[in-house]
1. Given the conditions (1) surrounded by 15 or more Cβ atoms within 10 Å (Cβ to Cβ); (2) under 25 Å from residue 3 (Cα atoms), report the number of the one that residue 48 does not fulfil.
2. Regarding residue 18, is this residue under 15 Å from residue 128 (Cα atoms), buried (at least 16 other Cβ atoms within 10 Å of the Cβ), within 12 Å of the chain's Cα centre (by Cα) and modelled with pLDDT of 90 or more?
3. Return the residues of the range 57-99 that are farther than 17 Å from residue 134 by Cα and under 23 Å from the mean Cα position of the chain (by Cα); say none if nothing qualifies.
4. Under 6 Å by Cβ, and 6 or more places apart or on different chains, what pairs join a residue from the range 106-118 that is touching a residue at least 24 places away in the same chain (Cβ under 8 Å) with one that is outside any helix (DSSP H, G or I) and buried (at least 19 other Cβ atoms within 10 Å of the Cβ)?
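The values are calculated or read from the model by the stated rules, or taken from the named source; none is laboratory data. Small disclaimer: the values here were computed from a predicted structure and weren't measured. Cβ placement follows ideal geometry from the backbone for every residue including glycine, while neighbour counts extend to all protein chains displayed.
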């Protein structure tokens, strides 16, 4: 379990950096559009790390809560789902305000889809938080279904 925790920590740092790059590589919608979306290159290189992060987080959460009492696991599951819902609703509000700002600018054609002005909607710290909490919820839910034989 100790090796899994170390691996999770390293992969978490890499994955967080990928999401942080989404924030830093988002152009301000008040600027003129450039030649494409450079963040796509980060995604092409980084998607294996995100998948590894999801897998390790689910596995670590499942292993960590297997020995915990069933009522505590239910509380953890409900709490993580509530936190994911709150994160999603905050992110949706921020996305709506960003899209409204883009529509009011000279770059109104870029208000929909994923482009150089909307990276921050899909790849930001809040999205990373929602991904982490969702993976934890999946791991806790799997602890109800699967049990390892000792």
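1. The single condition residue 48 does not satisfy is (1).
2. On the way: under 15 Å from residue 128 (Cα atoms): yes; buried (at least 16 other Cβ atoms within 10 Å of the Cβ): yes; within 12 Å of the chain's Cα centre (by Cα): yes; modelled with pLDDT of 90 or more: yes.
Criteria met by residue 18.
3. Correct list: 93, 94, 95, 96, 97, 98, 99.
4. 107/29; 110/117; 115/37; 116/27; 116/37; 117/27; 117/29
For every residue, the table says whether it meets (1) crowded, with 17+ Cβ neighbours inside 10 Å; (2) touching a helix residue (DSSP H, G or I) at 6+ places or on another chain (Cβ under 8 Å); (3) at pLDDT 90 or above.
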{"position": "68", "(1), (2), (3)": "no, yes, no"}
{"position": "72", "(1), (2), (3)": "no, yes, yes"}
{"position": "80", "(1), (2), (3)": "yes, yes, yes"}
{"position": "90", "(1), (2), (3)": "no, yes, yes"}
{"position": "102", "(1), (2), (3)": "yes, yes, yes"}
{"position": "106", "(1), (2), (3)": "no, no, yes"}
{"position": "128", "(1), (2), (3)": "yes, yes, yes"}
{"position": "132", "(1), (2), (3)": "yes, yes, yes"}
